[in-house]
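J.: Can you keep this structure in mind? I'll have questions shortly.
The values are calculated or read from the model by the stated rules, or taken from the named source; none is laboratory data. Small disclaimer: the values here were computed from a predicted structure and weren't measured. Backbone-built Cβ (ideal geometry, glycine too); neighbour counts: all protein chains shown. Surface areas here come from the heavy atoms of the whole protein model, side chains and all, with no ligands, DNA or RNA. Shrake-Rupley method; radii C 1.70, N 1.55, O 1.52, S 1.80 Å.
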Amino acid sequence: MSQWKWGHEHIALLQHTVYSHIPLLDRISDLSMPSSGDFYTLDRGGGFEVPADQPFARTHGAGFRGIYDLSDPDNSRFVITTGESGHIFSPHYRDLAPLWIVGKSITLSGSEDDLKRAGAQELVFTPK
């Protein structure tokens with residue numbers, strides 16, 4: 001019992017909707033990790049319809065967390081479960097997962113020009 005760890009059984013299942021069904025890509029795209037919390041904690045997350053071999057899996061929880069500072073919007077904090085991109089080969093596919101799992105976040109402050117100077121990129125969709 002001294003070796004028991006809640007995180008060994010309570011896994012946040014972060015599996016890609018499409019790639020989780022394709023051999024090899026299922027392992028590359030799987031961001032599942034040990035998780036704290038349950039239905040009755042601040043780091044809320046539990047599971048309904050969990051896999052039979054993972055009865056304590058975390059399948060429900062906050063995918064987006066935002067703390068808004070209305071007196072200073074530049075001080076507002078955000079995090080997305082995995083990252084900005086759903087493309088598994090993008091550098092932003094998994095970049096926020098380490099922050100999300102420990103309850104940390106980032107700020108998004110400054111003007112559009114400030115963000116671009118800091119390395120932010122813009123993606124524009126134009127209809128044909």
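This table checks each residue for (1) closer than 26 Å to V18 by Cα; (2) in contact with a His (Cβ under 9 Å, 6 or more places away or on another chain); (3) in contact (Cβ under 8 Å) with a residue 12 or more places away in the chain.
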position: D38; (1), (2), (3): no, yes, yes
position: G46; (1), (2), (3): yes, yes, yes
position: E49; (1), (2), (3): yes, no, no
position: H92; (1), (2), (3): yes, no, no
position: W100; (1), (2), (3): yes, no, yes
position: K104; (1), (2), (3): no, no, yes
position: T126; (1), (2), (3): yes, no, no
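J.: When only residues in segment 100-119 that are among the hydrophobic types (A, V, I, L, M, F, W, C) and open to solvent by less than 60 Å² (accessible area, probe 1.4 Å) count, which is modelled with the highest pLDDT?
T.: So the residue we want is I106.
J.: For segment 70-90, give me each residue that is surrounded by 12 or more Cβ atoms within 10 Å (Cβ to Cβ) and either touching a strand residue (DSSP E or B) at 6+ places or on another chain (Cβ under 8 Å) or touching a residue at least 60 places away in the same chain (Cβ under 8 Å) (or both).
T.: Of everything in segment 70-90, those that are surrounded by 12 or more Cβ atoms within 10 Å (Cβ to Cβ) and either touching a strand residue (DSSP E or B) at 6+ places or on another chain (Cβ under 8 Å) or touching a residue at least 60 places away in the same chain (Cβ under 8 Å) (or both) turn out to be N75, S76, R77, F78, V79, I80, T81, T82, G86, I88.
J.: Continuing with this model, one more query. Looking at segment 21-128, what helices (runs of 4 or more DSSP H) fall wholly within it and have at least 3 residues that are more than 14 Å from the chain's Cα centre (by Cα) and over 28 Å from W6 (Cα atoms)?
T.: By residue number, 112-117.
For every residue, the table says whether it meets (1) farther than 27 Å from S85 by Cβ; (2) modelled with pLDDT of 90 or more; (3) open to solvent by less than 50 Å² (accessible area, probe 1.4 Å).
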residue: L13; (1), (2), (3): no, no, yes
residue: I22; (1), (2), (3): no, yes, no
residue: I28; (1), (2), (3): no, yes, no
residue: S32; (1), (2), (3): no, yes, yes
residue: S35; (1), (2), (3): no, no, yes
residue: A52; (1), (2), (3): yes, no, no
residue: R58; (1), (2), (3): no, no, yes
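J.: Would you pick out the residues in segment 38-65 that are out of contact with any strand residue (DSSP E or B) (no Cβ under 6 Å at 6 or more places or on another chain) and hydrophobic (A, V, I, L, M, F, W, C)?
T.: Once the filter is applied, which keeps residues that are out of contact with any strand residue (DSSP E or B) (no Cβ under 6 Å at 6 or more places or on another chain) and hydrophobic (A, V, I, L, M, F, W, C), segment 38-65 yields L42, F48, V50, A52, F56, A62.
J.: Between residues in segment 1-29 that are polar (S, T, N, Q) and residues that are part of a helix (DSSP H, G or I), which pairs lie under 6 Å by C-beta distance while being six or more apart or on different chains?
T.: Within 6 Å, the pairs are S20/D26; S29/Y19.
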